[in-house]
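The structure appears below as structure tokens.
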Amino acid sequence: MDRENQSVVSEFVLLGLCHSWNTQVLLFVTFFMLYLIIVSGNIVTVILIITDPHLHSPMYFLLANLSFVDMWLSSVTTPKMITDFLRENSTISFVGCMCQILFVHFVGGCEMVLLVVMAYDRYVAICKPLHYSTIMSLQRCLGLVLSSWAIGFVHAMSQMVVIVQLPFCGPREVDSFFCDIPLVIKLACMDSYNLEILMNSDSGVLAMTCFILLLISYTYILLTVHQSSKTGASKALSTCTAHITVVVLFFGPCIFIYVWPVSTTWVDKFLAVFYSVITPLLNPAIYTLRNQEMKNTMKRFRSYYMDSKVNT
């Protein structure tokens, strides 16, 4: 079809999570509270790591970056979803839709690689403890974090170059609460089957590559832990359990969406909510509440705050 004879779509309609007004009000309150917890929890984590010298180590430097990425990932889609609960018709401009796709895949790709970097950090700490300070130097940590951002950016741009050139002229309803590639491609005025496979493969290759690297890292870690002393093994296993939990919670939905897509709409929406809202919510709790050093830092911070308040 000639693009000159097409009426260009200037906005898309987001169908959201439900159509019942009472349910939407309940979801508005729920997700508004969850988003406040996500933002405040991740900000507190970043502030504690920056301000406490006891946490100035590679592991916590990477954790601070993960908290920042989680906060950004949730902020790409959640505020729009929350405000749409109070609207009768939820729309998003073409530019806004493209921006959501760009940043979801940019930040999501960055988080995937960052989780691999964190697994590598734990591998070096547990399997090569004598060489840890040399291998995980400040320069190496900065390079790995910058690499995660670079890979996320290249991944997102490789898809945006294709998506923005697609002809959109007919249906404009996106059956979700935000724009994502599998849903938007279906609205293009062309046979998009092969393109869907290509775009899903792009995301799937990144997700599966990172997931396999994570499995390899944690397999080596668990084998080393199994051979270690009981005390050291217990602490290492506790740390690895938290990391593995985050990996499963984040990569599980991504793999089902892009590698092994499910054709059931409500399942797709649930998985999208999971990796864009639930995972950023659980990360601070998993890494903070299970980590004794973070607990001690919070106690010191609270004591310092209370003492300052008393002195004033």
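Structure notes:
- Residue check, Val259 crowded, with 16+ Cβ neighbours inside 10 Å, at pLDDT 70 or above and closer than 26 Å to Ala119 by Cβ: no
- Among the residues making up segment 105-155, a single one is of a type in the set (S, T, N, Q) and open to solvent by less than 20 Å² (accessible area, probe 1.4 Å): Ser148.
- Qualifying residue in segment 172-179 (condition: under 24 Å from Phe274 (Cβ atoms), touching a Cys at 6+ places or on another chain (Cβ under 6 Å) and polar (S, T, N, Q)): no
- Residue under evaluation Phe31, criteria (1) closer than 14 Å to Asn283 by Cβ; (2) open to solvent by less than 50 Å² (accessible area, probe 1.4 Å); (3) aromatic (Phe, Trp, Tyr), criterion not met: (1)
- Selection status of Phe178, touching a helix residue (DSSP H, G or I) at 6+ places or on another chain (Cβ under 6 Å) and open to solvent by 40 Å² or more (accessible area, probe 1.4 Å): no
- Matching residues in segment 69-81 - criterion: being more than 20 Å from Ser148 (Cα to Cα) and either out of contact with any helix residue (DSSP H, G or I) (no Cβ under 8 Å at 6 or more places or on another chain) or surrounded by 19 or more Cβ atoms within 10 Å (Cβ to Cβ) (or both): Thr77, Thr78, Met81
- Odd one out for Val29, checked against (1) in a helix (DSSP H, G or I); (2) among the aliphatic types (A, V, I, L, M); (3) under 30 Å from Leu114 (Cβ atoms): (3)
- Checked against the criterion of being under 30 Å from Cys18 (Cβ atoms) and either within 22 Å of the chain's Cα centre (by Cα) or at pLDDT below 90 (or both), the candidates Asp175, Asp202, Asp191 yield just one match: Asp175.
- Residue in segment 41-50 that is farthest from the chain's Cα centre (by Cα), counting only those that are over 18 Å from Gln292 (Cβ atoms) and open to solvent by 60 Å² or more (accessible area, probe 1.4 Å): Ile50
- Restricting Ile92, Ile37 to residues that are open to solvent by 10 Å² or more (accessible area, probe 1.4 Å), at pLDDT 90 or above and over 18 Å from Val184 (Cα atoms) narrows the list to Ile37.
The values are calculated or read from the model by the stated rules, or taken from the named source; none is laboratory data. Just so it is clear, the model here is predicted, and its values are computed rather than measured. Ideal geometry is used to build each Cβ from the backbone, glycine not excepted, and the neighbour counts take in all protein chains shown. Surface areas here come from the heavy atoms of the whole protein model, side chains and all, with no ligands, DNA or RNA. Shrake-Rupley method; radii C 1.70, N 1.55, O 1.52, S 1.80 Å.
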